[in-house]
Each structure stands twice: as C-alpha cells, then as structure tokens.
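Undergrad: Below you will find the structure I want to go over with you.
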Amino acid sequence: MIAQLTGTVAHVGASAVVLDVAGVGYRALSTPAALAELRHGQQVTLHTHLVVREESLTLFAFAVASERDTFEALQAVQGVGPKMALAMLAVHSPESLVAAVQAGDQKALTKVPGIGPKVAARLLLELGGRLVLPEDGTPAASTDESVQVVEALVGLGYNLKSAEKAVESVSQGPVAESAVPETLRAALKALGGSRG
C-alpha cells in the first residue's frame, strides 16, 4: 500500500495532481479543495490510498491523514466505491461527516451528488462507530442515538409512529452510538415486514 508520497508538484489538473517523486510521476485523484492548495513546483507530502482493481491501479491523494482515513472508512460501507467516497469528501470535511453521522443528519449526506435519502439512511446506519474524529479532535459527548435509528427506519419506508414504537420496544434507555446497528436490526425484526 502506498500510504504517503513526498515530492514536487509536476502538474495540477481539475481532478488530479501529478507528483514527481525521484523522477517518477505519480498521478493521484483528489478533492477540489486539496487541489486548489497545490502549485506547480511546490514540495509537498500527500497522504495517499491505492485502489487496486483487476484492470487498473488508481491512486487517491489527500492533504491530511484524517481525510485519507475517512476515505478508507467510507469505502467499508456496502455500495460506496472510491468515486463516491471522494465526492463525499469534496462536499464535507472529515469533521462535518463525523458530525452528520453522529447527529443522524440525512440532509447533510444528500448534499453529495448521487446520494439520495435511502443511500443516506444506509450510510448513517453503517458508518455508526466507523467514523471517528481525527486524533486532535474533541470526542463528542455521549448522546441518545435512538433518533438516528428512527430516521433510518423512516428512510427504509416505515412510518414514524411505528418506527418510534419499535425502537422503544427493543431499547432499554438511551441508545449508545455503538449500539445503533444492533438496535436497528432488533427494531427491523420487531417490525417484521409491515410498513403501514
């Protein structure tokens, strides 16, 4: 895995940078914000992630390690590939993504092109506990995440009252962030197939 490159910026394009490292030019896709900071001839260190496919090797580069780590965490979600993960980081910083996931904020996620309400609900469900603030960030205070579970159920087609009742029946007290996936599964089981 190529995790980091230090070299000279040889070219900056609309979606990628070419970094000259000891005479070898590495082309890496990046976010518009990261590319806007780069200048031809500049000496930089970029945090990278290599995506290996049968037909290609694609390098992705980020200005800070927390962006690369978030990029990797996003791809662990079913249906999220490198392009969608990069699009999410083009719209949101790692901090704002963590905040959106912790708050169960579907609207924030649907600002990303290609993400509708159902995909946003799945992202909120699967990212719970996977996304963490960078080491220098302040951890969020412990909160009740039952609202997040209810919103996920509504996003999956259940009505609000049924969703609230189901979550109430399977949770005893506040729902911790780490218990969101488990609570959602239990609530889905309690609801059965009825979405009326």
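Undergrad: List the pairs whose first member sits in the stretch 1-16 and is modelled with pLDDT of 90 or more, whose second member is surrounded by 12 or more Cβ atoms within 10 Å (Cβ to Cβ) and not in a strand (DSSP E or B), and whose Cβ atoms are under 6 Å apart, counting only residues at least 6 apart or on separate chains?
TA: Pairs that qualify, where the first residue is modelled with pLDDT of 90 or more and the partner is surrounded by 12 or more Cβ atoms within 10 Å (Cβ to Cβ) and not in a strand (DSSP E or B), are Val9/Leu38; Val9/Gln42; Val12/Leu35; Val12/Leu38.
Undergrad: Separate question: Write out, first by first residue and then by second, each pair whose Cβ atoms fall under 7 Å of each other, whose residues are 6+ apart or on separate chains, and whose first residue, in the stretch 102-126, is surrounded by fewer than 18 Cβ atoms within 10 Å (Cβ to Cβ) while the second is in a loop (DSSP other than H, G, I, E, B) and among the aliphatic types (A, V, I, L, M).
TA: That search, which allows pairs on different chains as well, returns nothing.
Undergrad: I've got another one for you. Among the residues of the stretch 8-20, are any assigned to a strand (DSSP E or B) and among the charged types (D, E, K, R)?
TA: Yes, some residue in the stretch 8-20 is assigned to a strand (DSSP E or B) and among the charged types (D, E, K, R).
Undergrad: Tally time: how many residues in the stretch 31-65 are touching a residue at least 40 places away in the same chain (Cβ under 8 Å) and out of contact with any Leu (no Cβ under 8 Å at 6 or more places or on another chain)? Even if it seems obvious, please write down each step before you answer.
TA: Narrowing the stretch 31-65 to residues touching a residue at least 40 places away in the same chain (Cβ under 8 Å): 31-33, 45-50, 59, 61, 64-65.
In the following step, the residues that additionally are out of contact with any Leu (no Cβ under 8 Å at 6 or more places or on another chain) were identified as 32-33, 47, 64-65.
Count: 5.
Undergrad: Can you spot a residue in the stretch 81-89 that is within 10 Å of Thr31 (Cα to Cα) and not aliphatic (A, V, I, L, M)?
TA: No, because not a single residue in the stretch 81-89 is within 10 Å of Thr31 (Cα to Cα) and not aliphatic (A, V, I, L, M).
The values are calculated or read from the model by the stated rules, or taken from the named source; none is laboratory data. Quantities reported herein were computed from a predicted structural model and do not represent experimental measurements. No Cβ is skipped: glycine too gets one built from the backbone with ideal geometry, and neighbour counts run over all protein chains shown.
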